[in-house]
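Presented below is the structure to which this report refers.
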Amino acid sequence: MEQARLRCFRRPGILDSTEINRGTEMGRLDGKVAVITGATSGIGLHTAEIFVAEGAKIVVAGRRAPEGEALARKLGANCIFRQTDVTVEEQMKGLIALSVEEFGRIDCLFNNAGGPAQTGGIEGLEVERFDAAMATLIRSVMLGMKHAAPHMRKQGSGSIINNGSIAGRLAGYSSSMVYSAAKAAVIHLTKCVAMELGEANVRVNSISPGAIATGIFGKALGLSVEAAEKTPAVMREVYKSAQPIPRAGLPEDIAYAAVFLASDESSFINGHDLVVDGAMIGGRNWSQQQQGYVTLRKAFDQGAG
C-alpha cells in the first residue's frame with residue numbers, strides 16, 4: 001500500500017483528487033497544520049498537494065489569486081488560500097495568524113516563496129533590483145519565522161523549513177550572484193534561529209534544492225510568467241546529466257524532503273541544511289573524471305613520442 005501511494009506521487013504533474021484522497025488514509029502529517037508560501041506553482045504547489053495527501057491541514061499563500069483559489073478548491077476543506085505579499089510584514093503576520101484562527105495551531109511553516117534576481121556581473125547591479133530580490137528571498141523568510149515563533153513557542157513544538165539552494169553553498173550555481181548571496185543568507189539565518197528556537201523544542205531547518213525543473217529558470221532569463229511555466233519539460237532534458245542521478249530534480253523531490261522535516265520522523269534534526277541535488281555539488285561526475293584521465297593518458301603518450 002505504501003509503495004503504491006508513493007508511486008502515484010512520483011510522477012510529474014498535478015495530483016488528481018483520487019490520489020489526494022488515497023494519500024490521506026495513512027498520512028505522515030496527520031493532525032498537523034502547515035503554512036506554505038509560494039504555493040501557486042512549482043515546488044510550493046506540489047508541496048501543498050502532498051502535505052494534504054499526507055493528512056495535514058494547510059494555509060497556502062501566493063501573489064496570484066486565481067491560481068491560489070483554484071488550488072484551495074482542488075484540495076478541499078483542508079486547504080485555505082490567502083493572497084499574500086511575503087515581503088510585507090503585516091501580510092505575513094496575518095497569514096500566520098490565519099492558520100491559528102482557522103485550525104487552532106501552526107505546526108509547520110514552509111518559507112518557500114522566492115523568485116529570480118538580476119543576472120550579470122557586480123558592476124552592472126542595480127540597487128533597486130538588488131533590494132527587491134533581497135526582500136523576496138531573505139526578508140520574507142525572516143518575517144515568516146518572526147511571526148510563527150511566538151505561536152510555536154507557546155505550543156512547545158513546531159518545524160520551520162526554509163527554502164535555500166545549492167547556489168547558497170557554492171558560487172557558480174545560479175545565473176545571479178544576488179540570488180546566490182540571498183540563499184546563503186537563508187541557510188545561515190536558518191542555523192542562527194535554530195540555535196534560539198531549539199531551546200523551545202521548535203526545529204528550524206532548510207532545504208537546498210539542486211536543478212529542479214520549475215519555471216524559475218525561465219523567469220530568471222526574462223520570460224513571462226506564462227511562458228516560464230511551460231519550461232519544466234525543457235529543464236528536465238537540459239539537466240538530466242548535470243548530476244550523477246540521471247534525471248533532473250522534480251518539485252516532488254523537494255516536497256517529500258519537506259514532509260520529512262515537517263513530520264515527527266525528524267524530531268532530532270535542527271539547524272540542518274538538507275541538500276537535495278542528486279549529488280550535483282558532491283564533486284566531479286565519475287564519467288567526466290574518467291574521461292579526463294583518458295585525455296591525460298593520450299597527452300602523455302603524445303609527449304613521450
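The values are calculated or read from the model by the stated rules, or taken from the named source; none is laboratory data. The structure displayed is predicted, hence computed values, not measured ones. Neighbour counts run over all protein chains shown; Cβ positions are idealised from the backbone, glycine included.
If you take the residues of region 142-172 that are of a type in the set (Gly, Ala, Ser) and in a helix (DSSP H, G or I), which of them is farthest from the chain's Cα centre (by Cα)?
Looking at residues that are of a type in the set (Gly, Ala, Ser) and in a helix (DSSP H, G or I), I get 149.
Return yes or no: is residue 87 farther than 25 Å from residue 232 by Cβ and either among the hydroxyl-bearing types (Ser, Thr, Tyr) or crowded, with 24+ Cβ neighbours inside 10 Å (or both)?
yes
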Checklist entry - Which residue pairs have Cβ atoms under 6 Å apart, sit 6 or more places apart or on different chains, and have a first residue in region 187-205 that is touching a residue at least 24 places away in the same chain (Cβ under 8 Å) and a second that is surrounded by fewer than 15 Cβ atoms within 10 Å (Cβ to Cβ)? => result 201/156
Checklist entry - For region 173-196, what are the residues that are within 11 Å of residue 141 (Cβ to Cβ) and in a strand (DSSP E or B)? => result none
Checklist entry - Would a scan of region 45-57 turn up a residue that is surrounded by fewer than 24 Cβ atoms within 10 Å (Cβ to Cβ), in contact with a Ser or Thr (Cβ under 7 Å, 6 or more places away or on another chain), outside any helix (DSSP H, G or I) and at pLDDT 95 or above? => result yes
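Okay, residues lined up against (1) of a type in the set (A, V, I, L, M, F, W, C); (2) modelled with pLDDT of 95 or more:
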residue	(1), (2)
182	yes, yes
206	no, yes
232	no, no
238	yes, no
248	yes, no
257	yes, yes
260	yes, yes
Checklist outcome for this item: Residue count, region 84-120, condition within 16 Å of the chain's Cα centre (by Cα) and in a loop (DSSP other than H, G, I, E, B), comes to 6
Checklist entry - Does residue 175 fit the bill of being surrounded by fewer than 21 Cβ atoms within 10 Å (Cβ to Cβ), among the polar types (S, T, N, Q) and more than 20 Å from residue 29 (Cα to Cα)? => result yes
Item to check | Within region 10-44, considering residues that are more than 16 Å from residue 70 (Cα to Cα) and aliphatic (A, V, I, L, M), the one modelled with the lowest pLDDT | outcome: 26
